[in-house]
Every structure is written in C-alpha cells, then in structure tokens.
Amino acid sequence: MIVALSGIFAPIQKGKAQLPAEFHEDADLREMIGQMLMVSFDPNNDSADTLHTDIRERNLGGVLLFDYHAESPESLQQLTGELHEKADTPLFIAIDQEGGEVARLNEENYFEQTKTAEELGEADSEQQTRDQAALMAGWLKDGGININLAPVVDVNINPDSPVIGGMERSFSDDPETVTDHAGWFTDEFKEQGIITALKHFPGHGSAEVDSHDGFTDISHTWEDVELDPYLDLLDDGYPGMIMPGHLFHEDFDPDHPATLSEEILRGKLRDEMDFDGVIISDGMLMGAIQEHYGFFESVKLAINAGMDILLYSNNEHEELSLVRQLKDYVEDEVSQGNISRETIENSFNRIMKMKEEQLQTEASIIAESDEIPEDFNLTNYPNPFNPTTTISFELPEQQQAQLEIYDIQGRKVEKLVDGPLNAGSHTYEFDGSGLSSGVYIYRLVTPEYQITQKMTLVN
C-alpha cells in the first residue's frame, strides 16, 4: 500500500510527514486508478460492506456523503471515523454543503438551516458570508469531512435556469460579486482545513436545462463573463479543486461536453488558465453523460480528457462493486493503449500532492519508518477501551516529553504530558468520556524521536 499509518516511529521532522516525491514509483497501476475514484453508497444495504472492501483492498480514493448518511452530528462523526480508519492512504470524504437547498447538513439532521447563495449575494455582506461559511466549515471539520463540493461560481445569467438560478445557487448575475463571495467562502473553509471545489466550469448559469436529466447545450446562451470568477480566484492563488459541468459548447468542443473534453480541460482550463490542481467530475451517472456515452466509454473519455477524479453517486454497477469494475476496465484500456499510463500517473500525483499538503490526517502528525526502538515501549491497556485506558511508556534518560492524543483526522483531543520527565516508567490515564467511538492516535515526542500508536474507543 502507499502510506502506512500505524505504529510508526521516526526522527522528528518539521512540518507534515512527506509522501514520496515521485508517488508513482511506489504505487502500481491499480492503486493509482483507485485513488482516481470517489463513490457514495446506500447505508441500508450490503453496499456499505462493499465500500469497506473498496477502501481496504482496492485503495479507493474518496467517499461522497449525502444527507441520509448523517442522522445526527454524532452518527456522522462515527461513520467518518470508521471510514478513515479503514484507509491506508488518506481518504477524501466529500459532501455538497453550499447553503440553502443544496446543504446536506441542515436542520433535519440536527444542524441548522442556512441561507442560499442568492440570499447572501443580495445581502452583499462579507461578514455574513464569512460567518455562514465558517459555521458550515466547522460542521464538516467536526464531522470528519475534508472536502466541500462548493461553492457554486456560476454567474446567474438565466435566473430561471432550473438547477442554478431556479434553486438560488448563484451568488449574483454580477461576476465580481460572485468572485467576492466565493473568495470569502473558500477562505473560511481553508482556515479550517477543508478543501473546496469551484463549480460548474465553464459556467452553468445560462443553461436552460438540468444536466442531471439530459444533454445540456450552452452554445448559444453562455457568456464570456462566466469565466471571470475562475480567472480571478486562480489569480488570487485558489488552492482547491475545480468541478466541470456536463456542459456542451460547440465552439469549445463540437463533439463532447466539458467533462469529456480534452479541448476544455487540458486546452482551456490547464493550458490557457494555468490551473494545475485537481479536476473532479460532477456525478458521472447523471443523464447528460449516461444517456449519450454509457458507463464505460464515459470513463475512458473523461480520463483521456484530463479528469483526475471520477465521482459516482453509488458504489454498485449491476449489483457488483463499481470500483472493482472500473479498475478492471481502466487497467485493460491502459494495456491496450487506449489510455496512457502517464495520464493515470499525472492524475494520481496531483491527487496525492493535494492529500499530502492539505489534508489534516494522521499522516500530518507522523513520519514513516520501520524501526521502533524498544527503549520507549509505548503501549496502552485495555485496547479497545471504554471509557478509560492507561497509557504507559519508558524513558531511557531524563528528558522533555510530550504525550498527546489525536483523532483519526489528526485533530488534537488532549495533551496528557508536556514537560521534563525522569528516566524510568510512566503511566497516564486517558478518559474518553464524551468522545465518539473510533480510532484515536497517541503520540510520545522527545527532543530526538517520536513514537505513535493507535487505540480504539468503543462506547
């Protein structure tokens, strides 16, 4: 596997633990393909078990959540903790949390009702937009989610557009207003360690039909100003993802919508606009794609066009693992020369670079090594525990020491020790009362070394 995340000991290094400089040297083709997939699942049938297999054995890169995955803040935290724990490579967990109608976390699952983008744009208050974004970012952070598939930066060219203007998902018909509010929105999510995704490139605001339902042609309604928010935010150093829409524009590509268009993704977004980050698709099972290109052909077209992550609203295809089928298909297309290995490697490297630099996970607090000196002997008992456990370790000499507890995403839960300790044995009790069930990380740090272990709280 690519990244090992347990029982790790290493010399202290400043900053985050580093993944290999050239990731593809340490990953086989199937591992790389797995990282390019993000799927959702039905929690009420066996697909949940399939998902766990996809994460553990197929190196699945990401999971998409909807409102029905979160019955409450507590159940959301437990779910994401279980998913993160099963992943050897840090896992993307994504949700759509725009605000208003498209907000998977809302009053129905014991969060709060939020304003639409249109309401925020009409108020045109930086503080109001930042406050709502910060509130929602906090929900995602506490819930173990690290990607928000938002904000919408579509300019409201057509207020009656069924899936944008008609749902009040655009901040404004003024591209500068869209840019301002999207910038404030992304700033607040970045502040709390959440990656965002601008959508729907090159602009869905003029569309007269919904791409969920079928072919969406913007050739005669699209306006140049719809690119302005992307250009301005990229100029300001926007660090997140970009999501193209399933949008056809005959002047950009006479044959394919943006999702499947090399002219749009490589030519316009990468070459002309100089975007070198991760491109994530809109749902690949939407009507605009499946009705015209089919399940497998659309995969080949999207990857060859330059799509880095393919997004699916479930994890089964014809009652079998969608992830396994896609990995088999892409591997076969690479062997036949229909998809180049270099294309897979480039997408994989972009994904892993983003995970290394932007995810607040266990990988950001530990470094990789196979050697664990016996002198320290860091352990806890009982493990699993409920709600208390005793953490023990030994020091070969008097020295400064820190003993800290983290959750599976790398957020500090408690500091048990911070100061000089004598040589010999030391024990400390950790009380997990009030914490959710799941895996926690405890780390002992001295001036020369650190050792990290895992323990499991079972409520």
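The values are calculated or read from the model by the stated rules, or taken from the named source; none is laboratory data. Quantities reported herein were computed from a predicted structural model and do not represent experimental measurements. Methodologically, a virtual Cβ is constructed for each residue, glycine included, from the backbone with ideal geometry; neighbour enumeration extends over all protein chains shown.
Between Gly214, Gly193, Gly166, which is surrounded by fewer than 24 Cβ atoms within 10 Å (Cβ to Cβ) and within 23 Å of the chain's Cα centre (by Cα)? Steps first, please.
Details: Gly214 fails: within 23 Å of the chain's Cα centre (by Cα); Gly166 fails: within 23 Å of the chain's Cα centre (by Cα).
Just one listed residue meets the conditions, Gly193.
Inspect segment 54-61 for any residue being at pLDDT below 80 and part of a loop (DSSP other than H, G, I, E, B) and give the result as yes or no. Spell out how you get there, then give the answer.
Of the residues in segment 54-61, the ones at pLDDT below 80 are none.
Among the residues of segment 54-61, not one is at pLDDT below 80 and part of a loop (DSSP other than H, G, I, E, B), which makes the answer no.
Looking only at segment 220-255, filter to residues that are without any contact (Cβ under 8 Å) to a residue 24 or more places away in the chain and part of a loop (DSSP other than H, G, I, E, B); which one of those is nearest to Gln290 (Cα to Cα)?
So, considering only residues that are without any contact (Cβ under 8 Å) to a residue 24 or more places away in the chain and part of a loop (DSSP other than H, G, I, E, B), the one nearest to Gln290 (Cα to Cα) is Asp255.
When you go through Lys115, Lys141 one by one, which is the residue that is crowded, with 17+ Cβ neighbours inside 10 Å, charged (D, E, K, R) and over 17 Å from His69 (Cα atoms)? Explain how you work it out, then say what you get.
Values: Lys141 fails: over 17 Å from His69 (Cα atoms).
Answer to the check: Lys115.
Quickly run through segment 380-391 and pick out the residues that are within 23 Å of Tyr449 (Cβ to Cβ) and either of a type in the set (D, E, K, R) or surrounded by 14 or more Cβ atoms within 10 Å (Cβ to Cβ) (or both). Talk me through it step by step, then tell me what you get.
Residues of segment 380-391 within 23 Å of Tyr449 (Cβ to Cβ): 380-381, 383, 389-391.
Matches in segment 380-391: Asn380, Asn383, Thr389, Thr390, Ile391.
Among the residues of segment 415-440 satisfying the criterion of being at pLDDT 90 or above and closer than 16 Å to Thr456 by Cβ, which is surrounded by the fewest Cβ atoms within 10 Å (Cβ to Cβ)?
Ranking the qualifying residues of segment 415-440, first place goes to Ser433.
Taking His317 as meeting all but one of (1) within 26 Å of Glu31 (Cβ to Cβ); (2) at pLDDT 95 or above, write down the number of the exception.
(2) is the only condition that His317 fails.
Looking at Met32, is it more than 14 Å from the chain's Cα centre (by Cα), within 30 Å of Val334 (Cβ to Cβ) and crowded, with 22+ Cβ neighbours inside 10 Å?
Details: more than 14 Å from the chain's Cα centre (by Cα): yes; within 30 Å of Val334 (Cβ to Cβ): yes; crowded, with 22+ Cβ neighbours inside 10 Å: yes.
In short, yes.
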